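Below: one structure, written as structure tokens.
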């Protein structure tokens with residue numbers, strides 16, 4: 001049986017679900033593509049690679065309530081990523 005647990009979405013944040021058919025070794029490019037494809041937040045949709053790098057450096061990107069790094073890997077399945085301040 002496969003169960004997915006998620007943490008509560010932090011206040012004043014944007015949550016995006018990333019669905020993968022296979023694991024990825026780095027999340028930065030996957031997250032940037034997912035943000036550009038979503039239609040809920042225009043600011044994040046137009047995000048540059050430089051701004052995304054700054055968000056990682058300033059600890060504004062979280063997975064399961066923990067700070068994510070641009071080099072964090074993503075597992076197959078659904079991962080919920082919270083971006084603080086949006």
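The values are calculated or read from the model by the stated rules, or taken from the named source; none is laboratory data. None of the values given here were measured: they were computed from a predicted structure. So basically every Cβ, Gly included, is an ideal-geometry build from the backbone, and we count neighbours across all protein chains shown.
Here are the numbers for the structure shown:
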item: Cβ-Cβ under 7 Å pairs, at least 6 apart or on other chains, segment 1-13 side modelled with pLDDT under 55, far side not in a loop (DSSP other than H, G, I, E, B); result: 4/78
item: Given (1) surrounded by 14 or more Cβ atoms within 10 Å (Cβ to Cβ); (2) under 23 Å from residue 23 (Cα atoms); (3) modelled with pLDDT of 95 or more, number of the condition residue 72 does not satisfy; result: (3)
item: Given (1) assigned to a helix (DSSP H, G or I); (2) out of contact with any helix residue (DSSP H, G or I) (no Cβ under 9 Å at 6 or more places or on another chain), number of the condition residue 78 does not satisfy; result: (1)
item: Considering residues of segment 2-11 that are farther than 20 Å from residue 75 by Cβ and out of contact with any strand residue (DSSP E or B) (no Cβ under 7 Å at 6 or more places or on another chain) only, the residue surrounded by the most Cβ atoms within 10 Å (Cβ to Cβ); result: 8
item: Only one of 20, 35 that is under 12 Å from the mean Cα position of the chain (by Cα) and at pLDDT 95 or above; result: 35
item: Segment 58-68 - residue that is modelled with pLDDT under 95 and in a loop (DSSP other than H, G, I, E, B) and, of those, farthest from residue 21 (Cα to Cα); result: 65
item: Those residues of segment 18-57 which are in contact with a strand residue (DSSP E or B) (Cβ under 6 Å, 6 or more places away or on another chain), farther than 17 Å from residue 84 by Cβ and either in a helix (DSSP H, G or I) or free of Cβ contacts under 8 Å to residues at least 40 places away in the same chain (or both), in sequence order; result: 30
